[in-house]
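Undergrad: Before we start, here is the structure in question, set down as structure tokens.
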Amino acid sequence: MANENNKVITLMCERSADVNDLLDADGKIKSVDGLHAVKLPCSGMVQPIMIETALKQGAAGVIVCGCQIGDCYYREGNKMIRERLLGERVPTLKKATDRRRILALWLSRPQKERFIAEAGEFVKFVQGLPAPEPAAAPAAKPAPAAAKPAADAGPKTEAAKKAEATPEKKEPAAVVVDADGKVDSTKTVKPASEDSNDKDPKIEVEVAPIPEGRGPLEESSGDK
């Protein structure tokens with residue numbers, strides 16, 4: 001039994017060489033050890049990335065087999081893949097792809113014996129090639145730098161300790177009184193500025209709208 005690394009995959013048009021009687025249930029061609037076939041409606045469906053993927057996954061080689069040029073059931077399918085393999089139509093094979101491991105055959109349906117002969121020689125050839133070098137693993141990302149400890153600021157002074165221990169002084173909450181003498185909790189009051197030169201600052205009080213028929217409400221001084 002052939003080694004899995006010596007497997008050759010054939011991407012094959014179902015209207016090219018008729019090998020149906022040579023295939024087993026797993027797609028292996030019984031008359032050539034290590035040769036497998038994948039049948040497609042047209043060789044024009046083959047994309048270069050399919051060939052490259054098969055080789056990356058360990059296949060020793062890939063055969064593309066289509067109808068004879070000029071005799072494609074779908075008019076130009078075989079011509080399209082032929083031009084892709086030759087680099088005349090995009091997408092093309094990548095430059096790093098080993099062309100020695102790729103074979104293209106353009107055969108009519110009765111040319112089964114020619115397919116077996118050509119494919120058998122190709123299988124022997126690629127199995128004799130040196131094993132491809134494994135793809136280089138991507139470089140590991142550098143580890144993030146460790147966080148630097150905060151610089152020691154030295155012992156705290158007595159003034160700094162006192163400032164930390166002293167709670168922040170808050171301004172007393174001011175209230176707004178409406179025209180009926182009731183506290184209106186929906187209104188906000190801006191306390192007098194700390195920069196004021198007034199030694200006895202007054203709290204600014206916002207007066208609510210005055211109902212019709214009432215006089216103005218006097219501003220509270222906050223001295224009571």
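Undergrad: Tell me, which residue of segment 3-33 that is over 39 Å from the mean Cα position of the chain (by Cα) and aliphatic (A, V, I, L, M) is surrounded by the most Cβ atoms within 10 Å (Cβ to Cβ)?
TA: Filtering first and then ranking leaves A17.
Undergrad: Collect the residues in segment 80-125 that are crowded, with 16+ Cβ neighbours inside 10 Å and either among the polar types (S, T, N, Q) or not assigned by TED's automatic domain parsing to the domain that holds V19 (or both), keeping them in residue-number order.
TA: Our first condition is that a residue be crowded, with 16+ Cβ neighbours inside 10 Å; within segment 80-125, this holds for 80-82, 84-85, 93, 97, 101-107, 111-112, 115-116, 118-120, 122-123.
Selection gives T97, Q111.
Undergrad: Additional query: What's the total number of residues in segment 45-80 that are closer than 21 Å to L35 by Cα and not in a loop (DSSP other than H, G, I, E, B)? Before you say what the answer is, go through the steps one by one.
TA: Restricting attention to segment 45-80, the residues satisfying the condition of being closer than 21 Å to L35 by Cα are 45-67.
Going one step further and asking which of them are not in a loop (DSSP other than H, G, I, E, B), we end up with 45, 48-56, 61-66.
Qualifying residue count, segment 45-80: 16.
Undergrad: Test T97 against the stated conditions and say whether it is part of a loop (DSSP other than H, G, I, E, B), in contact with a helix residue (DSSP H, G or I) (Cβ under 7 Å, 6 or more places away or on another chain), within 17 Å of V126 (Cα to Cα) and at pLDDT 95 or above.
TA: So T97 fits the description; yes.
Undergrad: Turning to a different aspect of this structure: Cβ contacts < 6 Å: first residue in the same structural domain as I9 (by TED's automatic domain parsing), restricted to segment 35-63; second residue in a helix (DSSP H, G or I) and β-branched (V, I, T), any location; separation 6+ or different chain. Result?
TA: From residues that are in the same structural domain as I9 (by TED's automatic domain parsing), the pairs are L35/V123; S43/I81; G44/I81; V46/I81; A60/V126; G61/V126; V62/I51.
The values are calculated or read from the model by the stated rules, or taken from the named source; none is laboratory data. Since we're looking at a predicted model, the values are computed, not measured. Neighbour counts run over all protein chains shown; Cβ positions are idealised from the backbone, glycine included.
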